[in-house]
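A short worksheet on the structure shown next.
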Amino acid sequence: MRKLMGTVLILYTSLFGNGWAFAQATHSKSAANSAAKDAAKKEVKVQPVSPQELSIAERVHVGQLPCELGATVRLTADANAPGYFNLQGKGYKYRMRPVATTTGAIRLEDEKAGAVWLQLANKSMLMDQKNGRRLADECAHPDQVAFANDMKVNPDRKSTRLNSSHTVVS
């Protein structure tokens, strides 16, 4: 019986072995191609961040930030791409990078998605530029909460101060 099974196995392998090996090789190639395509889709192109943008990135408040109406956003630095951040909330996820501004506000953008994160001294907000609406507002890191509270106690009086170039009040 063992001889018969051995003979059948040898016969089967000689008849179908090459076909099975070919099918296996073809499957392996298509699986490898599929895996490579999936990896390429997941691979995010990272454009280098300038020294000025890295300087901006160092001032970004990260963490789980509470926003108005009970919403929250999670902003984390990307450990694999210095200067980049991942921002997510309910129903959205963005990959942000710093953008220089003339106002001093910290601005992060996901250019492809049209999302903008603005960080002011007292609050942050997320805007959808493509649809012209705010996705999250009044988001605040503990440092921003402290600044906002200080603003209430000690309001800024710049508008009543004389500019150094003025010597007379008109």
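The values are calculated or read from the model by the stated rules, or taken from the named source; none is laboratory data. This structure is a prediction, so every number in the text was calculated from the model and none was measured. Please note: Cβ atoms are built from the backbone with ideal geometry, for glycine as well, and neighbour counts cover all protein chains shown. Note: accessible area is taken over every heavy atom of the protein model, side chains too, but ligands, DNA and RNA are not part of it. Shrake-Rupley method; radii C 1.70, N 1.55, O 1.52, S 1.80 Å.
Say whether the condition of being crowded, with 20+ Cβ neighbours inside 10 Å and in a loop (DSSP other than H, G, I, E, B) is met by at least one residue in region 71-93. Scanning region 71-93, I find at least one residue that is crowded, with 20+ Cβ neighbours inside 10 Å and in a loop (DSSP other than H, G, I, E, B), so the answer is yes. Inside region 56-70, residues that are open to solvent by less than 70 Å² (accessible area, probe 1.4 Å) and more than 11 Å from A136 (Cα to Cα) make up a count of 6.
Taking region 129-153 as the range and being touching a residue at least 24 places away in the same chain (Cβ under 8 Å) and either open to solvent by 70 Å² or more (accessible area, probe 1.4 Å) or outside any helix (DSSP H, G or I) (or both) as the test, the residues that pass are L135, A136, D137, E138, C139, A140, H141, D143, F147, M151. The set of residues in region 71-89 being farther than 21 Å from D143 by Cβ and aliphatic (A, V, I, L, M) consists of A79, A81.
Return yes when K112 is part of a loop (DSSP other than H, G, I, E, B), exposed (fewer than 15 other Cβ atoms within 10 Å of the Cβ) and basic (K, R) and no when it is not. Yes: the conditions hold for K112. Taken over region 87-110, the residue count meeting the criterion of being at pLDDT 95 or above and over 16 Å from T72 (Cβ atoms) is 10.
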